[in-house]
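The structure appears below as structure tokens.
The values are calculated or read from the model by the stated rules, or taken from the named source; none is laboratory data. These figures come from a predicted structure and were not determined experimentally. Every residue, glycine as well, gets a Cβ built from its backbone with ideal geometry; the counts of neighbours run over all protein chains shown.
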Amino acid sequence: MSMLPTGNFVRGGYATGRIAHVSFLSLGVCRVPTDPIGTTTITFTNVIDGSSLQIESQDGSTTLHNSVISGTTKSVTLQVYAPGSPLNALRIKVRKGSVAPFYQPYETLLTAVVGSASVYVSQIPD
Amino acid sequence: MTIATDLTINAGGDVRQVSAFVPGTSARYTTLELHAFLQDLADNAVAAGDDLVSILGNNPSELAGKRNATRPMALTLLPTININDATSQWFNFGSIEQGSGNDLYTGLKVLGTLVASSPIYITQSNAKISKYWADADVNTSFQILVKAKAAGTLIDSGNITAWSRKYGQTFSHFDVNLAAGGEQAAALGTAVDGNIVLSAGAAETAWGTMTVAVADTTQDLGGGQGSLLHKGTITLNGTTTLADAYQALMWATSEASTATVAGVPGWRYRKLDASYAENVSAPFGTFAGGKWFVAQGWWLTGVMAADSKNYQLISHTGVTETPPSSVQVEVGGVVAGDYVLVARDDGAGGILDTEYTVSSTSGDTTLAVTGLKVDTPASGFLRIAGVPYTYTSWTGTTISGISPALATYASQPAFVPLIDKVVPALATSVISAAFQFNANFTCRYRVRNGASGSAIVPFESTLSVTETGGSGTAVRGLDE
């Protein structure tokens, strides 16, 4: 990978991208937006115990995570994709409508970047 | 049954009833219960069954304020979640707004004391809403949703009227505006109407004997209120009693009536003129103690003689009108040839012979009498400066048909005796002409006969004239 001029090119076998003719002398793999470039760990704090957490792409096409949170803090690790990928545009939903005490649905947006992020969840009683 | 089994929700957000709501059998869900149902679904990981709501979708609903089962909840369905009119029948105790505020179903609650199972009907835009409630609902809690807004426009500005008009009971109605959502109250009260004794069929028959027409008419009932404007006329046929007429009109304005009254369906007739106060319990006026207190604006004609005193009217201008009491004065214990004079008592042991002051020209047969009393007999006797005359009629302050023709008088004392004549052959009493009772007064009457063979000691006494008239009896002590 270090032999390639940019991070967009890797040797064959490292990635799932398509094979491309870079030059007359070398071959590489060109990343597509669906190739992860790393991960991000999103930490949710101040969550109401028993809430349902849904992380999905903002276009609603992909569910990236779903769970029922136990406790008040939850960390979720997700893959991060090349800048511009719609999979980096996240919609986060936190709901608690099945078991009392009930809370109004909480929803926020987040752009995933390699590394970590923190989301303070402010749920309002319903 | 549960709300989950009674409803389905498709992927498009259509909340629909599984089967039609059955009044009196199906149980309604509160708007809070609908919200709780949707929220319960909304935190599911995936949709399942026939209720396709999960965390994958948008928040389906929100309340104005916190959940509170003790007060009506204003629920907003988001953003594509929706109910239809049929499904709305399943809910109560709050309001449901949807379609970004374009549609609104508002709660309606009936309050008040009603006869058990008093039927309720609701009008909107002057039409009855098809019932989706049972009569027995009022026995526990009458709470429903009524569509107030459709496609962004309030229906009849959000106004409805809740009614209870069952023949045999007093009526009630209440105007409600539903535009604010939530739950709005309609205060109604009904009671068994003891004046209703006819069957509905008999009342309908009685309705057929009368006419009710809207048109200005200026009439004088004769009770001293003068000629007054009325905006409509109830015409009886002369044989229908007032009690039956009242019942006929209650039938005509009841929920089940198909009659047209004053140009509108009887079931929503309220009053004759917008400026009048309503008679909520009986649109044509109440009936109490054998007397019909006719609603404002109506003129009544064709009344049976026996009912001539059993009603009162209110003119367009609000003047209460009472029928006149026609009374007479009678003196008994007399025989043919006795002379009887009955006139007002002067309070000092004599006859009030200075009742009026009049002037006339020789030959006149009419006479202007300043201050002529309303309780002057329709025809009878007149004395001017002691000279007797008769008259045939009077109106206002003019006495007419005077006989013989008057002499010339200048500011002379005059009075109108109630009786001033010789007892005719075979008679044992004399009676005055009828006159309209106005107020109690005292008469002094004298009976004299000096004819040889039947002479009596002059008799004089007083009698009281009341609303039933007056009578006295002469004591004929022979003077021979």
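If you go through region B:412-427 and keep only what is among the β-branched types (V, I, T) and either closer than 23 Å to B:I399 by Cα or at pLDDT below 95 (or both), you end up with B:V416, B:I419, B:V422. Of all the listed residues (A:V80, A:V47), the sole one being modelled with pLDDT of 95 or more and under 21 Å from B:N44 (Cα atoms) is A:V47.
With respect to the stated conditions, B:G181 is on the phi > 0 side of the Ramachandran plot and buried (at least 20 other Cβ atoms within 10 Å of the Cβ).
For region A:43-69, the candidate set comprises residues that are β-branched (V, I, T) and within 12 Å of chain B (Cβ to nearest Cβ); within that set, the residue that is nearest to the chain's Cα centre (by Cα) is A:I55.
Take the residues of region A:92-114 that are of a type in the set (V, I, T) and under 19 Å from the mean Cα position of the chain (by Cα): which is farthest from B:R67 (Cα to Cα)? Of everything passing the filter in region A:92-114, A:V114 is farthest from B:R67 (Cα to Cα). Pairs are defined by a Cβ separation below 6 Å, a sequence spacing of at least 6 or placement on different chains, a first member in region A:83-110 that is without any contact (Cβ under 8 Å) to a residue 40 or more places away in the chain and at the interface with another protein chain (Cβ under 9 Å from one of its Cβ atoms), and a second member that is assigned to a strand (DSSP E or B) and among the charged types (D, E, K, R); the pairs so defined are A:P105/A:R95; A:E107/A:K93.
Can you list residue pairs whose Cβ atoms sit under 7 Å apart, with the first residue in region B:18-35 being modelled with pLDDT under 95 and the second being crowded, with 20+ Cβ neighbours inside 10 Å? Count only pairs 6 or more apart in sequence or on different chains. Matching pairs, first to second residue: none at all.
Each row is one residue, and each column tells you yes or no for (1) within 30 Å of B:N449 (Cβ to Cβ); (2) part of a strand (DSSP E or B); (3) under 45 Å from the mean Cα position of the chain (by Cα).
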position	(1), (2), (3)
B:A378	yes, no, yes
B:L382	yes, yes, yes
B:T390	yes, yes, yes
B:P413	yes, yes, no
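Applying a threshold of 6 Å to beta carbon distances and a minimum spacing of six or more residues, or different chains, the list of pairs starting in region B:261-272 at a residue that is more than 14 Å from B:Y121 (Cα to Cα) and ending at one that is in a helix (DSSP H, G or I) reads B:V261/B:A252. Of the residues B:T80, B:T70, the single one that is under 19 Å from B:Q184 (Cα atoms) and at pLDDT 95 or above is B:T70.
For (1) surrounded by fewer than 21 Cβ atoms within 10 Å (Cβ to Cβ); (2) under 21 Å from B:A202 (Cβ atoms); (3) in contact with a strand residue (DSSP E or B) (Cβ under 6 Å, 6 or more places away or on another chain); (4) of a type outside the set (F, W, Y), each residue gets a yes or a no:
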{"site": "B:A259", "(1), (2), (3), (4)": "yes, yes, no, yes"}
{"site": "B:T286", "(1), (2), (3), (4)": "yes, yes, yes, yes"}
{"site": "B:F293", "(1), (2), (3), (4)": "yes, no, yes, no"}
{"site": "B:W298", "(1), (2), (3), (4)": "no, no, yes, no"}
{"site": "B:G302", "(1), (2), (3), (4)": "yes, yes, yes, yes"}
{"site": "B:A305", "(1), (2), (3), (4)": "yes, no, no, yes"}
{"site": "B:G318", "(1), (2), (3), (4)": "yes, no, no, yes"}
{"site": "B:S325", "(1), (2), (3), (4)": "yes, no, no, yes"}
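For region B:144-157, a residue qualifies if it is surrounded by fewer than 20 Cβ atoms within 10 Å (Cβ to Cβ) and touching a residue at least 60 places away in the same chain (Cβ under 8 Å), and exactly one does: B:K147.
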